[in-house]
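For reference, the structure is listed below as structure tokens.
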Amino acid sequence: MARIVRNDALYKQVTDAIRDDITEGVYQSGEALPSEARMIDQYGVSRTTLRQALVILRTEGLIEIQHGRGSFVRSRNTAATVLHRPRTQPLQAIGEPRIYRQDADATTATLIGVPEGSALYVCETTATEPTNGRRVLTRTVLPFAAAEGTELETDPFPERPAQLARLSARHGRLTATEYVQARMPTPDETTALALPDITPILETTLVTVAKGKTVLAETETTTAEGNRLAYPAR
């Protein structure tokens, strides 16, 4: 193949070239792509540029990167993993949960819909999905104001059904909205989720509200690679 010569950004040109080779059958399903060194020489680009292209192809679901082995064309018969696991189905925790108190910073306040500076109980865990071993970071946030006057003041994070029952008894009817965003992980998230370099993540946050005020926010964060969200029709 000739070196890249078009005027587009180099990483986009490399992405297009490899994508074309995959769709045209130059690289077959399950086949390894050439080594990074070979592709760098083939396209006449830097390692950084090549890796940018591979990240895009990976997020498109065309390739997967296996540590120590290289990049492989993803099987066309392999469906993306459905991430929308019912929250009543427990994850398997890795280690002990981390429980602490904090005041809501601007980011948290915006995400869960509470005033900045609100006092919060927070519970964080690293866990795995029992059916496929997928790593998930969970973060449950309970405003002090929501726990006030309930057993949650002294035991803020019982089993989820008990937590919701206590909130409902104190605040009345509960409703929930789920928010989804894709973003790049922090270094700590990359380590906790055992992600390859430059892998985007999916973050879903279920915000439970009573009488117009947030009483609970539950966030799950996992890799976006090869995954999709699914919601039942209403």
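The values are calculated or read from the model by the stated rules, or taken from the named source; none is laboratory data. These numbers were taken from a predicted model, which means no experiment stands behind them. No Cβ is skipped: glycine too gets one built from the backbone with ideal geometry, and neighbour counts run over all protein chains shown.
Annotation note: of E225, E189, the sole residue that is crowded, with 16+ Cβ neighbours inside 10 Å, in contact with a helix residue (DSSP H, G or I) (Cβ under 7 Å, 6 or more places away or on another chain) and not in a strand (DSSP E or B) is E225. Condition (residue is at pLDDT 85 or above, more than 19 Å from Y11 (Cβ to Cβ) and in contact with a Ser or Thr (Cβ under 6 Å, 6 or more places away or on another chain)) applied to the range 74-93: is it met by at least one residue? Within the range 74-93, one or more residues are at pLDDT 85 or above, more than 19 Å from Y11 (Cβ to Cβ) and in contact with a Ser or Thr (Cβ under 6 Å, 6 or more places away or on another chain).
Could you list, in sequence order, all residues of the range 121-173 that are out of contact with any helix residue (DSSP H, G or I) (no Cβ under 8 Å at 6 or more places or on another chain) and of a type in the set (G, A, S)? Hits for the range 121-173 are A127, G133, A145, A162, A165, S168, A169, G172. Here is a check on your reading of the model: is G44 modelled with pLDDT of 90 or more and not assigned by TED's automatic domain parsing to the domain that holds T138? Spelling it out, G44 is indeed modelled with pLDDT of 90 or more and not assigned by TED's automatic domain parsing to the domain that holds T138.
Residue-wise test of (1) out of contact with any Leu (no Cβ under 9 Å at 6 or more places or on another chain); (2) outside any loop (DSSP other than H, G, I, E, B); (3) of a type in the set (K, R); (4) under 30 Å from A53 (Cα atoms).
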residue	(1), (2), (3), (4)
T131	yes, no, no, no
V136	no, yes, no, yes
R139	yes, yes, yes, no
A146	no, yes, no, no
G149	yes, no, no, no
D155	yes, no, no, no
P158	no, no, no, no
A176	no, yes, no, no
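Residues that are over 22 Å from Q28 (Cβ atoms) and without any contact (Cβ under 8 Å) to a residue 12 or more places away in the chain within the range 47-71 comprise R47, T48, listed in sequence order. I'm trying to understand the selection: among the residues of the range 146-188, which are among the aliphatic types (A, V, I, L, M) and within 21 Å of Y100 (Cα to Cα)? Residues satisfying the conditions are A146, A147, L152, A162, L164, L167. Of the residues contained in the range 108-115, none is found to be at pLDDT 95 or above and outside any loop (DSSP other than H, G, I, E, B). The set of residues from the range 192-222 being assigned to a strand (DSSP E or B), under 26 Å from E96 (Cβ atoms) and of a type in the set (G, A, S) comprises just one member, A217.
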